[in-house]
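**Q** I have a structure I would like to understand better, so I am pasting it below and will then ask my questions one at a time.
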Amino acid sequence: MSLVIDIQYMPYVLAAIVVILITFKSWKWKRSLNYWRDRNVSGPTPVLYFGNTLTALFKPFAYTEMEWYRKYGRIYGVYGLKRPALTVAEPALIKQIMVKEFHKFRNRMPETDPNDKFPRQMFNARDDHWRRLRLIMGPAFTSGKLRRLYPLVSECCQEFMATLDGIVSAAAADSGGRTQAVVDLPALMANYSVDVVASAAFATKAHPYSHPNHPFVVKVREFNAFNRFQSLATMCLPARVTRSRVWKALTSSDGQSPEVYFTRVVQHLMAERKKSDKNPLDFLQLLMDAEEVTEIVADANAGQTGSGDMGAGGQSPGELAATEGRRFIGVSAMKLTKQEVINQSITFFIAGSASAANMLAYCAYEKF
């Protein structure tokens, strides 16, 4: 009889447990969303479970930030879901954070799922991992090595100008010279940046103007596309779901995510270059050279790399490492792994092309 009674009351017991768990979870969320208020830092009011992210989903983030800046001042606190973040718009403090004491603020977001290999790149690396990547990759960006990429960029620029001239000439011919050409500047600059980065990173010509459906172009566009509902689903669903291969395949146009596509491209290029004697002058080759480095000492009294290239401020790589010795003390002699080479190459391509395209489009708009 007692067993029958227990079974009868079981739904109520389960309902009580669910209510208790939801209440406890809500209490923890509310507690975390009081972080800035407890420290007397003003900012927009967060929404339970979403923080301040919903505002950015339904309104351009640039306008949102400007509104918050005017309302809360140069320093205010926001929440990415339940994670607090401080927004700083004070020039002197920005310089202190980004330059003078950057070694204290190098970390961005926490480490992601270790099974998700793509985010393991310098933008997401933390502490000693970031210091190690920064020290090894620094010599790849000296002025001498970057100067070797000028011919590739110049070739892309000439193709861009030819395409622009073609658009203007076609518009003039159609109207008999009576109207000016209308140029979709963001799209044109996006194609130009893809062409430059593909050439400079992988020594590959994508020809985005004449081949807009080239896989390079499509996958970069897909990676940078903003889907409001997909972003909302990503925030609501568990991390295991959104980082799974099934999710990435479902959210891509052809069942293959941009990360998977570019990983296979880089792996193929690396294998081909190791088999042949050809070493193109591109970013991938610079990283592959860093992969073969056997000794880079992060000490204020060491760091000579044997190269005559000049880095920032006219310093050689050795002088640059000595200057930044305080930041890199404790980093053991290491080299890039194959997976790290792949990750840095992918990040350089799909993240760098979008930022470059936006900057060029805005500059051209302001100029003309």
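**Q** Of all the residues that make up segment 71-101, how many are of a type in the set (S, T, N, Q) and touching a Pro at 6+ places or on another chain (Cβ under 8 Å)? Steps first, answer last, please.
**A** Looking only at segment 71-101, we keep the residues that are of a type in the set (S, T, N, Q), and these are 87, 96.
Still in the running and touching a Pro at 6+ places or on another chain (Cβ under 8 Å): none.
Counting residues in segment 71-101 that are of a type in the set (S, T, N, Q) and touching a Pro at 6+ places or on another chain (Cβ under 8 Å) gives 0.
**Q** Does F202 qualify as being aromatic (F, W, Y) and open to solvent by 40 Å² or more (accessible area, probe 1.4 Å)? Break it down into steps so the answer makes sense when it comes.
**A** Values: aromatic (F, W, Y): yes; open to solvent by 40 Å² or more (accessible area, probe 1.4 Å): no.
Taking the combined requirement at face value, the residue does not satisfy it.
**Q** Also, I was wondering about something else. When N40 is evaluated against the numbered criteria (1) open to solvent by 90 Å² or more (accessible area, probe 1.4 Å); (2) on the phi < 0 side of the Ramachandran plot, which criterion, by number, is the only one it fails?
**A** (2)
**Q** Checking H207 against (1) assigned to a helix (DSSP H, G or I); (2) open to solvent by 30 Å² or more (accessible area, probe 1.4 Å); (3) of a type outside the set (S, T, Y), only one condition comes out false. Which one?
**A** Result: H207 passes all but (1).
**Q** Would you please name the residue that is modelled with the highest pLDDT, looking only at residues in segment 84-139 that are of a type in the set (F, W, Y), open to solvent by less than 60 Å² (accessible area, probe 1.4 Å) and within 30 Å of S244 (Cα to Cα)? Steps first, please.
**A** Residues of segment 84-139 of a type in the set (F, W, Y): 102, 105, 118, 123, 130.
Those still in the list that are open to solvent by less than 60 Å² (accessible area, probe 1.4 Å) too: 102, 118, 130.
Within this subset, residues satisfying the condition of being within 30 Å of S244 (Cα to Cα) are 118, 130.
On the way: F118: 50, W130: 79.
Restricting to residues being of a type in the set (F, W, Y), open to solvent by less than 60 Å² (accessible area, probe 1.4 Å) and within 30 Å of S244 (Cα to Cα), the top hit is W130.
**Q** Determine, yes or no, whether S307 is in contact with a helix residue (DSSP H, G or I) (Cβ under 8 Å, 6 or more places away or on another chain) and either at pLDDT below 80 or farther than 15 Å from M137 by Cα (or both). It would help to see each step written out before you state the result.
**A** Details: in contact with a helix residue (DSSP H, G or I) (Cβ under 8 Å, 6 or more places away or on another chain): yes; either at pLDDT below 80 or farther than 15 Å from M137 by Cα (or both): yes.
Against the criterion (in contact with a helix residue (DSSP H, G or I) (Cβ under 8 Å, 6 or more places away or on another chain) and either at pLDDT below 80 or farther than 15 Å from M137 by Cα (or both)), S307 qualifies.
To keep it simple, each residue is scored yes or no on (1) modelled with pLDDT of 80 or more; (2) under 17 Å from D195 (Cα atoms); (3) in the same structural domain as A203 (by the TED database).
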{"residue": "R147", "(1), (2), (3)": "yes, no, yes"}
{"residue": "P151", "(1), (2), (3)": "yes, yes, yes"}
{"residue": "C156", "(1), (2), (3)": "yes, yes, yes"}
{"residue": "F160", "(1), (2), (3)": "yes, yes, yes"}
{"residue": "D165", "(1), (2), (3)": "yes, no, yes"}
{"residue": "A170", "(1), (2), (3)": "yes, no, yes"}
{"residue": "S175", "(1), (2), (3)": "no, no, yes"}
{"residue": "R178", "(1), (2), (3)": "no, no, yes"}
{"residue": "A181", "(1), (2), (3)": "no, no, yes"}
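**Q** A further question follows. Evaluate segment 12-22: report whether one residue or more is in a helix (DSSP H, G or I), more than 25 Å from C236 (Cα to Cα), hydrophobic (A, V, I, L, M, F, W, C) and at pLDDT below 90. Let's see the steps before the verdict.
**A** Quick first cut of segment 12-22, residues in a helix (DSSP H, G or I) only: 12-22.
Cutting the leftovers down to more than 25 Å from C236 (Cα to Cα) gives us 12-13.
Remaining after also requiring hydrophobic (A, V, I, L, M, F, W, C): 13.
Now drop any that are not at pLDDT below 90, which leaves 13.
Checking segment 12-22: at least one residue is in a helix (DSSP H, G or I), more than 25 Å from C236 (Cα to Cα), hydrophobic (A, V, I, L, M, F, W, C) and at pLDDT below 90.
The values are calculated or read from the model by the stated rules, or taken from the named source; none is laboratory data. Every value quoted in this text rests on a predicted model; they were computed, and no experiment measured them. Here the Cβ is made from the backbone with ideal geometry for all residues, glycine too, and neighbour counts use every protein chain on show. Note: areas computed on protein heavy atoms with side chains; ligands, DNA, RNA excluded. Shrake-Rupley method; radii C 1.70, N 1.55, O 1.52, S 1.80 Å.
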